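Here's the structure we're looking at; comments come further down.
The values are calculated or read from the model by the stated rules, or taken from the named source; none is laboratory data. Keep in mind that what you see is a predicted model, and the values were worked out from it rather than measured. Here Cβ is always computed from backbone atoms with ideal geometry, including for glycine, and neighbour counts include all displayed protein chains.
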Amino acid sequence: MSALGHGLSQRWQAQWAGWSGRERLGLSVAAFLLALTLVWSLAVAPAWRQWQQGQGQTAALQQQWQHMQALQAQASALKGQGRLGPEEAARWLQTSVTTLGPTASVSVNGDMATAQFKGISGAALAQWLAQTRSQAQSLPVQARLSRSASATPLSALPAAVTSASAQATAPHPGSASAGPVLWDGQIVLQLPPRAKP
């Protein structure tokens with residue numbers, strides 16, 4: 001140890017011995033708190049922040065994993081169905097369009113099918129489109145929809161439909177429409193390709 005370091009050490013020991021017990025305790029507590037603050041800011045806090053970020057990333061990755069699992073299950077279900085040819089898909093579309101009502105029809109032109117309809121509820125249309133994807137393996141490529149000008153009055157519907165429709169489409173205060181929202185339009189669907197031999 002150098003002479004300067006030895007001299008400082010002796011001065012510090014003399015100073016320390018000259019302080020009262022209360023002063024020594026206060027200095028010891030301050031030194032301990034300073035050391036604790038340094039350990040926290042240099043070692044613990046960065047690791048804590050990294051751990052918290054990791055928890056958020058883990059939750060996001062788990063959500064993505066569940067979404068991918070759902071997509072994989074859907075793909076497996078579609079794959080297990082077997083491929084439909086365009087003729088079978090067209091037949092299915094022409095048969096199933098009757099669920100949309102008497103105003104709905106499907107015409108087939110090559111590898112495209114066009115569904116036309118008037119006065120169809122959005123829920124029925126969405127359900128039919130989901131079925132076209134899973135059952136007929138046909139995907140919509142173009143849609144033209146407009147709000148129907150001639151909504152069926154609730155009094156013209158059967159009693160069972162009227163009560164359900166009235167509850168499902170009860171107008172909000174201040175809305176001008178008292179009936180269900182119906183849609184007119186056409187949707188062009190791409191039929192599945194022919195199976196390769």
When (1) at pLDDT below 90; (2) surrounded by 11 or more Cβ atoms within 10 Å (Cβ to Cβ); (3) polar (S, T, N, Q) are applied to S175, the one that fails is (2)
Answer from A143, A113, A136 - the residue that is among the small types (G, A, S), part of a loop (DSSP other than H, G, I, E, B) and touching a residue at least 12 places away in the same chain (Cβ under 8 Å)
A136
Among the residues of the range 18-49, write down those that are among the aliphatic types (A, V, I, L, M) and exposed (fewer than 10 other Cβ atoms within 10 Å of the Cβ).
L42, A47
Spot the failing condition for L84; the list is (1) surrounded by 15 or more Cβ atoms within 10 Å (Cβ to Cβ); (2) of a type outside the set (D, E); (3) in a helix (DSSP H, G or I), and only one is missed.
(3)
Single residue of A75, A124 found to be in a helix (DSSP H, G or I), aliphatic (A, V, I, L, M) and more than 30 Å from A149 (Cβ to Cβ)
A75
Given the residues V97, V39, V29, which is the only one that is at pLDDT 85 or above, part of a helix (DSSP H, G or I) and in the same structural domain as I120 (by TED's automatic domain parsing)?
V97
Quick check on L189: is it surrounded by 11 or more Cβ atoms within 10 Å (Cβ to Cβ), in contact with a Gly (Cβ under 7 Å, 6 or more places away or on another chain), of a type in the set (A, V, I, L, M) and at pLDDT 90 or above?
no
